[in-house]
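Inspection log for the structure reproduced underneath, given as structure tokens.
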Amino acid sequence: TEALASVAKIQEQYPKSDEAAEASYQQGVVLKSTNQTDDAVRKFEATITQYPKSAASDRSRVALGWMNQSVENYARALEYFKAVATNRTDELGAEAQYALGVTQQSAKNYSEAILSYLRVKYVFPSAEDWIAKSFFNLGDCYEKTNQKQKAKDAYNIVIKQGGELAGEAEQKLRKLEQL
């Protein structure tokens, strides 16, 4: 497509630049969005190999993590997410930390998921959206492990923060209080 060609041109003209790293990552995004999954995986992996220290390579790791998570390849997803969560302190690091929790929760490893979700708040205190999402899922993990008071506390944090999950958190809290 035209988008892929124009992005490839940036890589050719400025092969060592941050822009080239970003262009490589964006090619992976375009391939993924057009359901060319195998090509997207190859492009994200190439971005990591060619630009190992770049933000684009960490974004590629997160993308690969989500792709593996979605097909229940949890071990591989965890590797990608951990690589980013332990090396960054920004929004991308917060997303990767949250994604660790989602992956552990999907694998029904609730105690690990609880730790991952709590870590979002303490390691990434300014990442409010990821904290809200983490505490919403944290409430679910606490419910699954029969820790009703902790679940209520988690949902209350989401409600107090407001935002898009507050309504759902209120519903879950009401349900819990009826038990």
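The values are calculated or read from the model by the stated rules, or taken from the named source; none is laboratory data. Bear in mind the structure is a predicted one, so any value in this text is a computation, not a measurement. No Cβ is skipped: glycine too gets one built from the backbone with ideal geometry, and neighbour counts run over all protein chains shown. Heavy atoms of the whole protein, side chains included, go into the accessibility calculation; ligands, DNA and RNA do not. Shrake-Rupley method; radii C 1.70, N 1.55, O 1.52, S 1.80 Å.
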Collect the residues in the range 37-58 that are buried (at least 16 other Cβ atoms within 10 Å of the Cβ) and free of Cβ contacts under 8 Å to residues at least 12 places away in the same chain, keeping them in residue-number order.
Asp39
Any residue that is part of a helix (DSSP H, G or I), among the small types (Gly, Ala, Ser) and open to solvent by 10 Å² or more (accessible area, probe 1.4 Å) - is there at least one of those in the range 92-99?
no
Looking only at residues in the range 59-75 that are free of Cβ contacts under 8 Å to residues at least 12 places away in the same chain and either crowded, with 16+ Cβ neighbours inside 10 Å or not hydrophobic (A, V, I, L, M, F, W, C) (or both), which one is farthest from Glu22 (Cα to Cα)?
Asn73
For the range 69-96, which positions are closer than 16 Å to Ala113 by Cα and of a type in the set (A, V, I, L, M)?
Ala75, Ala77, Leu78, Ala85, Ala94, Ala96
Which condition does Thr47 not pass, out of (1) of a type in the set (Val, Ile, Thr); (2) more than 17 Å from the chain's Cα centre (by Cα); (3) over 21 Å from Asp90 (Cα atoms), if it passes all the others?
(3)
Looking only at the range 57-95, count how many residues are closer than 20 Å to Ala46 by Cα and small (Gly, Ala, Ser).
6
Looking only at residues in the range 100-133 that are farther than 27 Å from Pro52 by Cβ and touching a Leu at 6+ places or on another chain (Cβ under 6 Å), which one is surrounded by the fewest Cβ atoms within 10 Å (Cβ to Cβ)?
Ala132
In the range 144-164, the residues that are modelled with pLDDT of 95 or more and open to solvent by less than 80 Å² (accessible area, probe 1.4 Å)
Thr145, Gln147, Ala151, Lys152, Asp153, Ala154, Tyr155, Asn156, Ile157, Val158, Ile159
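Within the range 102-135, how many residues are among the aromatic types (Phe, Trp, Tyr) and either more than 18 Å from Glu91 (Cα to Cα) or not in a helix (DSSP H, G or I) (or both)? I'd like the intermediate steps shown before the answer.
Our first condition is that a residue be among the aromatic types (Phe, Trp, Tyr); within the range 102-135, this holds for 110, 117, 122, 124, 130, 135.
Cutting the leftovers down to either more than 18 Å from Glu91 (Cα to Cα) or not in a helix (DSSP H, G or I) (or both) gives us 110, 124.
Result for the range 102-135: 2.
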